[in-house]
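Read-outs: derived from the displayed coordinates by stated rules, not from any lab. Note that the coordinates shown come from a computational prediction; the quantities given were computed from them, not determined experimentally. Methodologically, a virtual Cβ is constructed for each residue, glycine included, from the backbone with ideal geometry; neighbour enumeration extends over all protein chains shown.
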Amino acid sequence: MIRTLAAAALAATVFAAPVLAADKPVTIRAVGTWGNLSNYFKHEGPFFNEKLSEASGGSIIGEIKPQTELGLKGFEIMRLVKNGVFDFAFGLPGYVAQETAAFDGADLATLTQDIGTQRKVAEAYFPTLETLFADVYNAKLMMLYPFPSQTLWCKDEVTGIEDLNGKKIRTYSATLGDFVEAVGGTSVTVAFAEVIPALEKGVVDCGITGTMSAYTAKWNQVANYAYTLRVGWGLAFGAINMDKWNAMSPEQQELMSKEIAALNERMWAETATEDEVAIACITGGECAIGEKGSMTLVTPSEADIAALKPIGQQVLDKWAGRCGKDCVDNWNSSVGTVLGLTATVE
């Protein structure tokens, strides 16, 4: 709280200063995702701390720190952008869906099983999220990008989807909670940094996170089974405070849009390769990026994959009940057409 108030005071001081002329440099203060994960240290961090200034010839100066370094948990980040504490944020729509369930619509648990389809889903839902960010947070949505596949990492043996029944499973969004409930488990919300002690103490039996996230955060220190059932993508966003965006010159806006688009392409391309690398590393296979883990790999069976269809419909309809008719009609005409699915509101 003290850190947040101090940041807010600093922001107020900055905004009290005269607005920069259009041809003057502009500084964008950003908050990134998790500092120990590849999306931040390979992409988000270098983009704001180095690339943006280089590409603009110093016209746009970026400053970024990850939410982990700032002591933030993710849920409050877009409120801080709305209030002007930060100018730009990377984050997960699932973390802001507390404001409105519609934010979850591009990454509903279990519905998308390959990255090509997930990109089509993100593109189809982009206009909806663009409007939501503007209306709810006074922010301009700049990009949507994925983390690696979200799968399950369990302390005790799991051989298939039926073994999730009765287990306490760490989630970070309502839609993942819907999945857990659909398979007979109990959804437990735990911050990413607190998952390892939660597994150690038995607060949770399994945790859901991305493949590379689990490897780099060393979940293999406490989890023994890597059950690679794909339950989501951890789709993430990049958004800028609308007042900050409108204060930039047309040339600065054009350059930043171009550079953000290139960043987006790099992140989609790398994520497409990370699952195989991370799973091999965390389960003791070939690993060129660090130490090998020793988790037991559990690959979903044909029966597990078949079970996802009715489970996915349950997840979709549960979300639809939270989102409402207008939201569902919009989803059916956008993402629904990509996936060949129809959400219904009772």
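Side notes on the structure shown:
- Sorted ascending by nearby beta carbons within 10 Å, beginning with the fewest, L92, L341, L80 become L341, L80, L92.
- Burial ordering of I289, I208, fewest other beta-carbon atoms within 10 Å first: I289, I208
- In the chain, the DSSP-assigned H stretches of four residues or longer account for a calculated mean residue ellipticity at 222 nm of -13500 deg cm²/dmol, using -39500 (n - 2.57) per stretch and the full residue count as denominator.
- Taking amide H as placed 1.01 Å from N in the peptide plane, the amide H of I60 sits under 5 Å from that of V26, each at least 5 places away or on another chain.
- Among complete DSSP H helices in the chain, those whose alpha-carbon atoms stretch at least 30 Å along the helix's long axis and whose mean Kyte-Doolittle hydropathy reaches -0.5 are 250-282, 302-323.
- A cut-off of 5 Å between modelled amide H atoms, ignoring neighbours fewer than 5 places along the same chain, links A139 with A134, M242.
- The magnitude of the dipole of the range 221-346, with charges of +1 and -1 set on the Cβ of Lys/Arg and Asp/Glu and taken from the Cα centre, is near 320 debye.
- Dipole moment magnitude, nearest 20 debye, the chain about Cα centre, only Lys, Arg, Asp, Glu C-beta charged: 680 debye
- Sorted by Cβ neighbour density within 10 Å, fewest at the top, the residues M242, M295, M212, M143: M242, M143, M295, M212
- Net charge over other residues, Cβ less than 9 angstrom from the Cβ of S38 (K, R count +1; D, E count -1): -1
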